[in-house]
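Bear in mind that the values in this text are calculations on the coordinates, not laboratory data. Values in this document were obtained by computation on a predicted structure and should not be read as measured data. Quick reminder, even Gly has a Cβ in these numbers, built from the backbone with ideal geometry, and neighbours come from all protein chains shown.
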Amino acid sequence: MEDLLKLEHQVCFPVYAFSREITSLYRPLLDEMDLTYPQYLVMLVLWEEKEQTVNQLGEKLHLDSGTLTPLLKRLVLKGLVGRIRSKIDERVVLISLTELGVGMRAKAQCIPGKIMETMGLSIDELLVLKGIINKVLAK
């Protein structure tokens, strides 16, 4: 029986390396927009959903509040999002885009295509990969 502790037998390592590679592909594109990758993910959700609670963002992005809160504060300082307390429940903080944040969407339109082109994978290959990843994350 082969040694299961060999790096070449680990699923975690290529997943980790792939994650780092993907993030590095985004970095130059996001640097032009003065966004980090996690900030970009928040913007993606808000471009789609318009307004979210901090908890909703955390659930969608698999981020805890300790990571999300400082990230959101930086987006507020950049003028991209606003934070307001819910009138129904003051413990709930609502996050929404500012006009500047809404306008940034047009700049981001090209990012998915550029990433796909750089990766050199077909749409079908990417959909298979995404499906497998989503299956694992759903467990």
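Overview of results
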| read-out | value |
| --- | --- |
| Residue-wise HN-Hα coupling along segment 100-117, computed from phi with Karplus coefficients 6.51, -1.76, 1.60 (Hz; x: Gly, Pro) | 4, x, 5, x, 5, 4, 4, 5, 7, 3, 7, 4, x, x, 5, 5, 4, 4 |
| Vicinal HN-Hα couplings computed from phi for segment 50-57 (Karplus, 6.51 cos²θ - 1.76 cosθ + 1.60; Hz; Gly/Pro x) | 6, 9, 9, 7, 4, 5, 4, 4 |
| Relative packing of 101-108, 64-71, which averages over residues the other C-beta atoms within 10 Å, highest first | 101-108, 64-71 |
| Amide H contacts under 5 Å for VAL92, placed H, 5+ residues apart | SER86 |
| Loop-resident sites, segment 1-91, for GluC sites (Glu not before Pro), counting at most 14 other Cβ within 10 Å (DSSP) | GLU2, GLU32, GLU90 |
| For THR53, residues with placed amide H under 5 Å, excluding near neighbours | ILE95 |
| Which labelled figure in [x] 99; [y] 113; [z] 153 is volume of the Cα convex hull per residue in Å³, once derived from the coordinates | [z] |
| Net charge over other residues, Cβ less than 12 angstrom from the Cβ of LEU77 (K, R count +1; D, E count -1) | +3 |
| Whole-Hz ³J(HN,Hα) from phi, Karplus 6.51 cos²θ - 1.76 cosθ + 1.60, for segment 65-75, glycine and proline x | 5, x, 8, 6, 4, x, 4, 5, 4, 5, 5 |
